[in-house]
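Okay, so here's the structure we're looking at.
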Amino acid sequence: MKSPYISELQPNQQTTGVFLVHSKEVRQKKSGDLYLSLQLGDRTGEMDAKMWDNVAEVMETFGQDDLSV
C-alpha cells in the first residue's frame, strides 16, 4: 500500500506513511515527558506533526533530512 500524500490528509488525521523530515525538535510536555515536534514533507506539501509515544526509543533513529515512517 502506498503512503498517502500530504495534500490528501485532513487536520488531526492519524496516518502512517513515509515523509521527509524537514525539522525535528525534542520538546518537553508540562508533565516532564518528552515529545517530538516535526515538520514533514513530500512532493505535495509540508505538515506539522507531533509524536507523543515511544519518543525515547526512536528520537535518535532519525534526524533532519531523513525519511521517516
Report task. Taking only the range 13-58 into account, find how many residues are in contact with a Phe, Trp or Tyr (Cβ under 9 Å, 6 or more places away or on another chain) and β-branched (Val, Ile, Thr). Result -> 4
Report summary line: A careful count of residues in the range 1-21 that are part of a helix (DSSP H, G or I) and either loosely packed, with under 10 Cβ neighbours inside 10 Å or of a type outside the set (D, E, K, R) (or both) gives 2
Query raised in the report: Do any residues in the range 51-68 that are on the phi > 0 side of the Ramachandran plot and part of a loop (DSSP other than H, G, I, E, B) have Cβ atoms under 9 Å from those of residues that are modelled with pLDDT of 85 or more and not basic (Lys, Arg), where the two are at least six apart or on different chains, and which pairs are they?
Result: ASP65/LEU20; ASP65/VAL21; ASP65/HIS22
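Does the range 35-44 include one or more residues that are on the phi > 0 side of the Ramachandran plot and part of a strand (DSSP E or B)?
Step one: of the range 35-44, the residues on the phi > 0 side of the Ramachandran plot are none.
Looking for residues that are on the phi > 0 side of the Ramachandran plot and part of a strand (DSSP E or B), one finds none in the range 35-44, hence no.
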Report task. List every residue pair whose Cβ atoms sit under 8 Å apart, with the two residues 6 or more apart in sequence or on different chains, where the first one lies in the range 20-37 and is among the basic types (Lys, Arg) and the second, anywhere, is part of a loop (DSSP other than H, G, I, E, B). Result -> LYS24/PHE62; LYS24/GLY63; LYS24/GLN64
Query raised in the report: Which residues, taken from the range 40-64, are in contact with a strand residue (DSSP E or B) (Cβ under 7 Å, 6 or more places away or on another chain) and open to solvent by less than 60 Å² (accessible area, probe 1.4 Å)?
Result: LEU40, GLY41, ASP42, MET47, ALA49, MET51, VAL55, MET59, PHE62, GLY63
Query raised in the report: Does LEU67 count as open to solvent by less than 70 Å² (accessible area, probe 1.4 Å) and aliphatic (A, V, I, L, M)?
Result: no
Report task. For the range 22-39, indicate whether the set of residues that are surrounded by 13 or more Cβ atoms within 10 Å (Cβ to Cβ), over 17 Å from LEU67 (Cα atoms) and hydroxyl-bearing (Ser, Thr, Tyr) is non-empty. Result -> yes
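The values are calculated or read from the model by the stated rules, or taken from the named source; none is laboratory data. Just so you know, these numbers come straight off a predicted model, no measurement behind them. No Cβ is skipped: glycine too gets one built from the backbone with ideal geometry, and neighbour counts run over all protein chains shown. Please note that ligands, DNA and RNA were not included when accessible areas were found on the heavy atoms of the full protein model with its side chains. Shrake-Rupley method; radii C 1.70, N 1.55, O 1.52, S 1.80 Å.
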